[in-house]
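Let me begin by presenting the structure, written as structure tokens, before commenting on it.
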Amino acid sequence: MASHDDNDHLPEETQGYKLSQPKQSLAEYQNMDANDESLQRYKKSLGLGGGQDLSDPNDPRVCIIQSLTMESPGQPPVTIDLSQPGSENTLKDKPFKIKEGAKFTMVASFRVQHEILSGLQYVQTVKRKGIRVSKDSEMLGSYAPNTDKQPIYTKRFQEEDAPSGMLARGHYNAVSTFIDDDKKQHLQFEWSFDIAKDW
């Protein structure tokens, strides 16, 4: 993979924000004060407290990105399959087409295992002819390891509009990064797309 400016693929810092408590193990979260109603709601929002853990003891990854899908009204979804290690290595050479001015939504599917994943974010940097034209980030949230009750997580991003006009048409390169509050990169990959007059 080509080298990139490290800050280009990190989420923007929120002034004055810091984690309120040190990271804790899954067992520590599950054994926290059972009489605290707000803590019980927090644990439930993370998905703790039910189902069989699906973590693979032979796979050390905490967050496994399964796919990234672009959905646009009236068009079949375009899915980038990321489920196999190394599957992201050829994406840069297989651009997909987006109609100028089209509305689209990105959807990420992923699994979490072994520990609580805190503050997962998606950061996307787009360049055209080597010049950065956009940098967007989307907070995905915090998640407990997947269980048989919740085998996969899916997060739908905000709807976007593709650029339009003669100057916007052309080839774009993007770098997508999934990163958490601890600045641990779970996946980074390059891909490309073309803005065209029609699908």
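The values are calculated or read from the model by the stated rules, or taken from the named source; none is laboratory data. Only a predicted model underlies this, so the values are computations on that prediction, with no experimental measurement involved. Please note: Cβ atoms are built from the backbone with ideal geometry, for glycine as well, and neighbour counts cover all protein chains shown. These area figures cover heavy atoms from the full protein model, side chains too; ligands, DNA and RNA do not enter into them. Shrake-Rupley method; radii C 1.70, N 1.55, O 1.52, S 1.80 Å.
Going through PRO57, PRO85, PRO76 one at a time, which residue ends up being more than 15 Å from the chain's Cα centre (by Cα), modelled with pLDDT of 90 or more and within 22 Å of LYS155 (Cα to Cα)?
Working: PRO57 fails: within 22 Å of LYS155 (Cα to Cα); PRO85 fails: modelled with pLDDT of 90 or more.
Answer to the check: PRO76.
Conditions: (1) modelled with pLDDT of 95 or more; (2) open to solvent by less than 30 Å² (accessible area, probe 1.4 Å). ARG156 meets all but one. Number of the miss?
All conditions pass for ARG156, except number (2).
In the list VAL133, VAL107, VAL126, which residue meets the criterion of being among the aliphatic types (A, V, I, L, M), surrounded by fewer than 16 Cβ atoms within 10 Å (Cβ to Cβ) and over 30 Å from SER55 (Cβ atoms)?
Working: VAL107 fails: over 30 Å from SER55 (Cβ atoms); VAL126 fails: surrounded by fewer than 16 Cβ atoms within 10 Å (Cβ to Cβ).
After ruling out the rest, the residue left standing is VAL133.
Go through region 118-159 and report how many residues are within 17 Å of ARG61 (Cα to Cα) and not in a strand (DSSP E or B).
So the answer is 5.
What number goes with the only condition from (1) modelled with pLDDT under 90; (2) open to solvent by less than 30 Å² (accessible area, probe 1.4 Å); (3) over 17 Å from the mean Cα position of the chain (by Cα); (4) not charged (D, E, K, R) that TYR42 does not pass?
(2)
Quick one: in region 60-73, of everything that is within 11 Å of GLU115 (Cα to Cα) and in a loop (DSSP other than H, G, I, E, B), which residue is farthest from the chain's Cα centre (by Cα)?
Initially, region 60-73 is screened for residues within 11 Å of GLU115 (Cα to Cα), giving 60-63.
Going one step further and asking which of them are in a loop (DSSP other than H, G, I, E, B), we end up with 60-62.
Details: PRO60: 19, ARG61: 15, VAL62: 13 Å.
Among those residues, the one meeting the criterion is PRO60.
Could you go through region 179-195 and let me know if any residue there is over 16 Å from LYS92 (Cβ atoms), out of contact with any Ser or Thr (no Cβ under 7 Å at 6 or more places or on another chain), open to solvent by 90 Å² or more (accessible area, probe 1.4 Å) and in a strand (DSSP E or B).
No, region 179-195 contains no residue that is over 16 Å from LYS92 (Cβ atoms), out of contact with any Ser or Thr (no Cβ under 7 Å at 6 or more places or on another chain), open to solvent by 90 Å² or more (accessible area, probe 1.4 Å) and in a strand (DSSP E or B).
For the subset of region 88-104 comprising residues that are open to solvent by less than 70 Å² (accessible area, probe 1.4 Å) and not in a helix (DSSP H, G or I), which member is modelled with the lowest pLDDT?
Filtering region 88-104 for residues that are open to solvent by less than 70 Å² (accessible area, probe 1.4 Å) and not in a helix (DSSP H, G or I), the one modelled with the lowest pLDDT comes out as PHE96.
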